[in-house]
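As structure tokens, the structure follows; a few thoughts come after it.
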Amino acid sequence: MGEIATLRPREVVRQDVEAIAVIYRNLGAPVAEQMVTRALGELALTMAAIAEKVRAQELRDMARQLGRLARLAGDLGLSSLATVAGDAKTCLECADSTAFSAVWARLMRVAERSLAIEAGLADQLI
């Protein structure tokens, strides 16, 4: 046997910066900052609630929550996060537990990177 290779997937996160820019242009910086901060908090709470249910293996109503996560991410221009959340929802609806496990791991990576990028972007727009 040869060496064992350790895979460390690194996600490329796509983001539509125009979605946030439109919010700032339409509402002005102070109001937009509050709205974006509130939306990011709601997105983070939704992701945490979903993660807790996955850990507890309570998948009932999970597809609805993943749909909500996808909508929130889409509204904030977090394209990759919205897409992967939609993919996870599809896996659940198809009752494909193997695919869901793989997509769930990807969703966790994308969520972590997306939320870190989004916080930095909001600071740049002010």
*Filtered residues of the range 1-34 (kept if surrounded by 14 or more Cβ atoms within 10 Å (Cβ to Cβ), of a type in the set (A, V, I, L, M) and assigned to a helix (DSSP H, G or I))*: Ala19, Ile20, Ala21, Ile23, Leu27, Ala32
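Residue-wise test of (1) touching a helix residue (DSSP H, G or I) at 6+ places or on another chain (Cβ under 8 Å); (2) within 18 Å of Pro9 (Cβ to Cβ); (3) open to solvent by 70 Å² or more (accessible area, probe 1.4 Å); (4) part of a helix (DSSP H, G or I).
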position: Glu52; (1), (2), (3), (4): no, no, yes, yes
position: Ala70; (1), (2), (3), (4): yes, no, no, yes
position: Gly77; (1), (2), (3), (4): yes, no, no, no
position: Val84; (1), (2), (3), (4): yes, yes, no, yes
position: Phe100; (1), (2), (3), (4): yes, yes, no, yes
position: Arg106; (1), (2), (3), (4): yes, yes, yes, yes
*Just one of (1) surrounded by fewer than 17 Cβ atoms within 10 Å (Cβ to Cβ); (2) not in a helix (DSSP H, G or I) trips up Arg38, so point out which.*
(2)
*Output the residues belonging to the range 45-82 that are touching a residue at least 60 places away in the same chain (Cβ under 8 Å) and of a type in the set (Ser, Thr, Tyr).*
Ser79, Ser80
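The values are calculated or read from the model by the stated rules, or taken from the named source; none is laboratory data. As the structure is a computational prediction, the values presented were derived from the model and not from experiment. As a convention, Cβ positions derive from the backbone with ideal geometry for all residues, glycine included, and neighbour counts pool all protein chains shown. Accessible surface is based on the protein model in full, side chains and every heavy atom, while ligands, DNA and RNA are left aside. Shrake-Rupley method; radii C 1.70, N 1.55, O 1.52, S 1.80 Å.
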